[in-house]
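Report on the following structure.
Readers should treat all values here as calculations from the given coordinates under stated rules, not as data from a laboratory. Quantities reported herein were computed from a predicted structural model and do not represent experimental measurements. Cβ placement follows ideal geometry from the backbone for every residue including glycine, while neighbour counts extend to all protein chains displayed.
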Amino acid sequence: MQKIILVTGANGQLGSEIKEMSKNYSEFNFIFSDFDTLDITDEKAVVDFFTNTKPNYVINCAAYTAVDKAESDIDKAIFINDTGLFNLNHASVINNAKLINVSTDYVFDGTANKPYTEDHPTNPVTIYGKTKLMGENHLIGNNNALTIRTSWLYSSFGNNFVKTILRLAHTNPELNVVNDQQGTPCYARDLADAIMHIIDNCEKEITKFTPGIYHYSNLGVCTWFDFAKEILRLKNIDTPIKPCSSDFFKQAAKRPTYSVLDKSKIISTYKLEIPNWEDSLSKCLTLLN
């Protein structure tokens, strides 16, 4: 009998990548939902949806991710990132479904000087980070749930830094990009592949579904300036690009100075191979004009 995988937030970057990847996993029955078919902030709607569809796995890609807007749109951010996770976790427990939740590096304050491990103390300084951590906390104690924190997500789908740089490079005489924030980009397709790898290998009993918190992004370290420079180089765009400080841009939410994630736990637990960020960027750019 086919195992059922429910994907929430299916129209976002990660959900769209899983949708593309699902074609390679005919042994699973995928259900893709977004706010128009499943409002995760409505507890009864979530419980009813689970009762009707009976998912074996739930991949939560739904989130309020407008980092700056969240500073003033607090109630909505809490509703989606906190209440939504409570509802999904509750329904997952009732239905004995395994829940994979996607979270963020913003649960940290960004002041570290070495890669963040999963047990590093959290200290979010933005509403976005605080609400995502609130959501994470609902999964504590659920032995059928795991959280994967990621950073600097981009894809050929949706809106993201890569697409913004390409657009601005064609409409501006020069670009200014911050060089005082360090992190690692994550190609959403690689994260989608990692999630499906975890589910598939657990079903084949190659690895065991091990609950807890994990970190995932591509390998390597760069600044946003380095990232932008590589985007332009790979696309042979000669628009001048200048490094600048974070103060150059007035933003409502504080950005982490350092958000490199230590991936050793997810690599060893689930036998993953993670590509370097430059290699993955090159693959993504072949899909973009």
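Quick notes on this one:
- Other residues lying with their Cβ under 13 Å from the Cβ of residue 262 contribute a combined charge of +1, Lys and Arg counting +1, Asp and Glu -1.
- Computed over the range 159-289, the quotient of the alpha carbon radius of gyration and 2.2 N^0.38 Å is 1.22.
- Restricting the calculation to Cα atoms, every distinct pair contributes to the Kirkwood radius of the chain, found to be 19.5 Å.
- Most fluctuating residue given options 191, 38, 139, as computed from a GNM of the chain linking Cα atoms under 10 Å: 38
- Overall dimensions of the range 161-217 by Cα: Rg and Dmax, Å: 18.0, 55
- The GluC sites (Glu not before Pro) found in the range 1-71 that occupy coil by DSSP, while having at most 11 further C-beta atoms within 10 Å, are 27.
- Cα gyration tensor category, rounded, prolate or oblate, for the range 44-163 with a/c compared to 1.5: prolate
- Here is the list for the range 217-252: trypsin sites (Lys or Arg not before Pro) lying in DSSP coil, each with at most 11 other C-beta atoms within 10 angstrom of its C-beta, are 250.
- Non-local Lys pairs in the range 1-131, i.e. 8 or more apart or on different chains, that have alpha carbons under 24 Å apart: 16
- Each of 34, 48 was scored by other Cβ atoms within 10 Å of its Cβ. Arranged with the fewest first, they read 48, 34.
- Lysine pair count for the range 141-289 with Cα-Cα distance under 27 Å and sequence separation of 8 or more or different chains is 27.
- log₁₀ of I(q)/I(0) at q = 0.13, 0.28 Å⁻¹ - the range 1-64, Debye sum with one point per alpha carbon: -0.32, -1.28
- Here is the result for the range 1-108: no trypsin sites (Lys or Arg not before Pro) lie in DSSP coil with at most 10 other C-beta atoms within 10 angstrom of their C-beta.
- Ellipticity at 222 nm from helices only: DSSP H runs of n ≥ 4 in the chain, each -39500 (n - 2.57), divided by the residue count, give -10500 deg cm²/dmol.
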